[in-house]
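Asks: Have a look at the structure that comes next, please.
Every number in this text was worked out from the coordinates using simple rules, so none of it is lab data. What you see is a predicted model, and the numbers here were worked out from it, not measured in a lab. Every residue, glycine among them, receives a Cβ derived from its backbone with ideal geometry; neighbour counts consider all protein chains shown.
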Amino acid sequence: MTCLFVLYSALSEAAFFRPDIRPGYGVTKQAWLSDYFAPLRETNMDTPVFILESGKPGLTALAIGGTHAREIAGFTAATIMVETVRMARGRLIVIPHANNSAISIQDQESRIPRFHMIESRSGTRLLPYGDRRTDIRDQGIPDPVEYVHPSGQVIKDGRESRNLNRVYPGKPDGTPTERLAHAIIQLIRAESVDFSVDFHEANTPEYFINKKGEIEKGGRLAYMLVCNPKGVEVGAMAVLQMSEETGISMKLEQSDRAFRGLSHLEIGDATHCVSFLTESPNPGQDAWRESPDVLRDSTYSLEHRVAMTLSMFRNIAEAFSVFHDNEFEMGDWPSFSDIIEKGVGAYLN
Ligand SMILES: [Zn+2]
């Protein structure tokens, strides 16, 4: 009986998971998302927040990784910010794993291994590969047939009620995923964040043979910068600078007000913050690949994707500084070529 009870508990209770983040000297304060919205405390939805204060006045930026926990370049880029970057002017706030519940479980839609080995400055580290959504055990209720966004908009797939990037701006008395979105909005208000960048990955733009034997082009989203309408000029300048620096031509898109719940739209609409979202190409999200290598793909390596994400962030920050006549300056900040040449692990503790 006891054995059965223990087994049942193990199956029904969500994993309590804390990702491995090893702050560098640039971090001046460590907080929790629950400091901004207490109901998250002592739940698997709470997540660490790192603040890198330069000590000199300037802009406040927020980097969001791990909204979708299988999009590993995003949270790896955010982790590098925490472990390597030092600010020279202004303030950087980083949430490496925005959906902690989603990184606590395996990707439910692929057979990508749960952990990947990376050689960091202090030896081998395990990089987790998580899921796109909140663990249903943390959500605590069965998925609805349809998700009804607080605006009234309906998403046909009820599982999307657990997708952090469909539920913004969230609800203080909503589901755990809606409360999580609300907590991030509360942080943005409390810290007077000037601009935010949410780091994502999408399937690659490669051509492939589909099930009907036809040649099909892959994802449209990879290499995209999506801007809240109030950030389009900054985004355009950032994309131009990015192409000069890296040779990567990012596509630029403005948030579509017909699709509610996305961070780039809702953060900017709900707060004074100007919100952006980036998409790098993750071969692990290509359903047609038999055994994708999410670290060492010959075209879309983790190095390439993390370098792209960090470079896009820096170019947004520089363009934002020009347009808003205020400064945000990063000190120790690896360039695109630094990461390509030395690898991601060279910037992890
Ligand atoms: Zn995503």
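Asks: Select from segment 103-127 the residues that are in a strand (DSSP E or B) and hydrophobic (A, V, I, L, M, F, W, C) and write down the one among them that is farthest from the ligand (Cβ to nearest atom).
Replies: Looking at residues that are in a strand (DSSP E or B) and hydrophobic (A, V, I, L, M, F, W, C), I get MET117.
Asks: Which count do you get for residues in segment 293-332 that are among the aromatic types (Phe, Trp, Tyr), farther than 30 Å from ILE112 by Cα and surrounded by 20 or more Cβ atoms within 10 Å (Cβ to Cβ)?
Replies: Here is the first cut: in segment 293-332, the ones among the aromatic types (Phe, Trp, Tyr) are 300, 313, 320, 323, 328.
Among the residues that remain, those that are also farther than 30 Å from ILE112 by Cα are: 320, 323, 328.
From what's left, surrounded by 20 or more Cβ atoms within 10 Å (Cβ to Cβ): 320, 328.
Qualifying residue count for the region: 2.
Asks: OK, next. When the residues of segment 228-265 are narrowed to those that are of a type in the set (Ser, Thr, Tyr) and outside any helix (DSSP H, G or I), which ends up surrounded by the fewest Cβ atoms within 10 Å (Cβ to Cβ)?
Replies: Restricting to residues being of a type in the set (Ser, Thr, Tyr) and outside any helix (DSSP H, G or I), the top hit is SER249.
Asks: Follow-up question, since we're still on this one. Here are some conditions: (1) more than 26 Å from ILE316 (Cα to Cα); (2) under 16 Å from the mean Cα position of the chain (by Cα); (3) assigned to a helix (DSSP H, G or I). ILE184 meets all but one. Which one does it not meet?
Replies: (1)
Yes/no matrix, rows are residues, columns are (1) closer than 27 Å to THR60 by Cβ; (2) free of Cβ contacts under 8 Å to residues at least 24 places away in the same chain:
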{"position": "HIS200", "(1), (2)": "yes, no"}
{"position": "PRO205", "(1), (2)": "no, no"}
{"position": "ILE215", "(1), (2)": "no, yes"}
{"position": "GLY219", "(1), (2)": "no, no"}
{"position": "HIS264", "(1), (2)": "yes, no"}
{"position": "ILE267", "(1), (2)": "yes, no"}
{"position": "PRO281", "(1), (2)": "no, no"}
{"position": "HIS304", "(1), (2)": "no, no"}
{"position": "MET312", "(1), (2)": "yes, no"}
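Asks: Starting from segment 66-77, take each residue that is touching a residue at least 12 places away in the same chain (Cβ under 8 Å) and list its partners that are assigned to a helix (DSSP H, G or I) and near the ligand (Cβ under 7 Å from one of its atoms), counting only C-beta distances under 6 angstrom and pairs at least six apart or across chains.
Replies: THR67/ASN165
Asks: What residue, among those in segment 161-173 that are in a helix (DSSP H, G or I) and in contact (Cβ under 8 Å) with a residue 24 or more places away in the chain, is nearest to PHE37 (Cα to Cα)? First the steps, then the outcome.
Replies: We begin by selecting, within segment 161-173, every residue in a helix (DSSP H, G or I); these are 161-162, 164-166.
Add one more test, that the residue is in contact (Cβ under 8 Å) with a residue 24 or more places away in the chain, and what stays is 162, 164-166.
Numbers: ARG162: 19, LEU164: 16, ASN165: 18, ARG166: 19 Å.
Within segment 161-173, the match that is nearest to PHE37 (Cα to Cα) is LEU164.
Asks: Next question, about the same structure. Return the residues of segment 314-326 that are touching a residue at least 24 places away in the same chain (Cβ under 8 Å) and not aliphatic (A, V, I, L, M); say none if nothing qualifies.
Replies: Matches in segment 314-326: ASN315, GLU318, PHE320, SER321, PHE323, HIS324, ASN326.
Asks: From the residues in segment 61-80 that are near the ligand (Cβ under 9 Å from one of its atoms) and under 8 Å from the mean Cα position of the chain (by Cα), which one is nearest to ARG121 (Cα to Cα)?
Replies: Of the residues in segment 61-80, the ones near the ligand (Cβ under 9 Å from one of its atoms) are 67-68, 70-71, 74.
Of the ones still in play, those that are also under 8 Å from the mean Cα position of the chain (by Cα) are 67-68, 71, 74.
Numbers: THR67: 26, HIS68: 26, GLU71: 23, GLY74: 20 Å.
Residue satisfying both the conditions and the ranking: GLY74.
Asks: Quickly run through segment 266-292 and pick out the residues that are more than 16 Å from the ligand (Cβ to nearest atom) and either within 20 Å of the chain's Cα centre (by Cα) or surrounded by 22 or more Cβ atoms within 10 Å (Cβ to Cβ) (or both).
Replies: GLY268, ASP269, ALA270, THR271, CYS273, VAL274
Asks: Pick from GLY130, GLY140, GLY152: which is among the small types (Gly, Ala, Ser), away from the ligand (no atom under 16 Å from the Cβ) and either surrounded by 13 or more Cβ atoms within 10 Å (Cβ to Cβ) or free of Cβ contacts under 8 Å to residues at least 24 places away in the same chain (or both)?
Replies: GLY152
Asks: Additional query: For segment 187-214, which positions are part of a loop (DSSP other than H, G, I, E, B) and either within 16 Å of the ligand (Cβ to nearest atom) or farther than 22 Å from VAL94 by Cβ (or both)?
Replies: Taking segment 187-214 as the starting set, the residues that turn out to be part of a loop (DSSP other than H, G, I, E, B) are 191-194, 203-206, 210-214.
The answer is ASN203, THR204, PRO205, GLU206, ASN210, LYS211, LYS212, GLY213, GLU214.
Asks: Same structure, new question: Would you point out the residue of segment 309-346, among those that are in contact with a strand residue (DSSP E or B) (Cβ under 7 Å, 6 or more places away or on another chain) and not in a helix (DSSP H, G or I), that is nearest to SER280 (Cα to Cα)?
Replies: MET330
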